[in-house]
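One structure below.
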Amino acid sequence: MKKPTQGSKANDKQDTLIAIHTAGMSLIEIAFGSLLHTLHIPMTGQILNLIQIGFMTSIVRESRDINSPLYLSCSTAVLKSLSPAGKKLTPMIAITCQGYLYTLSLIHI
């Protein structure tokens, strides 16, 4: 059996962080977002966007990888398709674009 290297341990840790944050963000998007949409609360999208920014900031701080917000957002957008209520396609595009723009802002020119 092959002994795990230091690099593979770091990748496993990052994959675990992305999975945990994706599960949390998807749960908020699906459950909390559906509840706010059902109650016709105004500015639901803005509230969910602020929560997403918090999740992306958290994962960048923990993983120190500038691509992790993009992975998090794309994974959450795919899981958004399981949402029982509310729009699906527009929020999926918004989640992905916000993750891309957040990641783009982290790149140093």
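The values are calculated or read from the model by the stated rules, or taken from the named source; none is laboratory data. Just so it is clear, the structure is predicted and the values come from calculations on it, not from any experiment. When we count neighbours, we look across all protein chains shown, and the Cβ atoms used for this are built from the backbone with ideal geometry, even at glycine. SASA here: full protein model, heavy atoms, side chains in, ligands and nucleic acids out. Shrake-Rupley method; radii C 1.70, N 1.55, O 1.52, S 1.80 Å.
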Normalised by the number of residues in segment 52-103, what is the relative contact order in percent for Cα pairs under 8 Å and 6+ residues apart? 41 percent
Could you work out the local net charge near Leu35, counting Lys and Arg as +1, Asp and Glu as -1, over the other residues with Cβ closer than 15 Å to its Cβ? +1
Selected from Asn49, Asn67, Asn11 as most flexible by GNM, with the chain as the system and alpha-carbon contacts under 10 Å: Asn11
Once the in-chain neighbours fewer than 8 apart are removed, the aspartates and glutamates whose Cα is under 15 Å from Lys80 read Glu29
For segment 88-94, Karplus couplings with θ = phi - 60° (6.51, -1.76, 1.60), whole Hz, Gly/Pro x: 10, 5, 4, x, 5, 5, 5
Net length gained if the chain between Tyr100 and Met43 were fully extended (0.36 nm per residue, minus Cα distance): 18.3 nm
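Kirkwood hydrodynamic radius of segment 34-98 from all distinct Cα pairs, in Å?
Values: mean 1/r = 0.0803 Å⁻¹.
About 12.5 Å, per the Kirkwood formula over Cα pairs.
With the other protein chains left in place, how much accessible area per residue, in square angstrom, belongs to the chain at a 1.4 angstrom probe?
Per-residue accessible area for the chain comes out at 66 Å².
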Hey, any idea what the orientation-averaged projected area of the convex hull of the chain's Cα atoms comes to, in nm²? 8.2 nm²
Leaving out ligands, DNA and RNA, and with a 1.4 Å probe, what % of the accessible surface on segment 11-109 is carbon or sulfur? 70 percent
The chain: trypsin sites (Lys or Arg not before Pro) falling in loop per DSSP and having at most 15 other Cβ within 10 Å: Lys2, Arg64, Lys87, Lys88
For Phe32 and Ala10, extending 7 Å from Cα along the Cα-Cβ vector and measuring point to point gives, in nm, a value of 3.2 nm
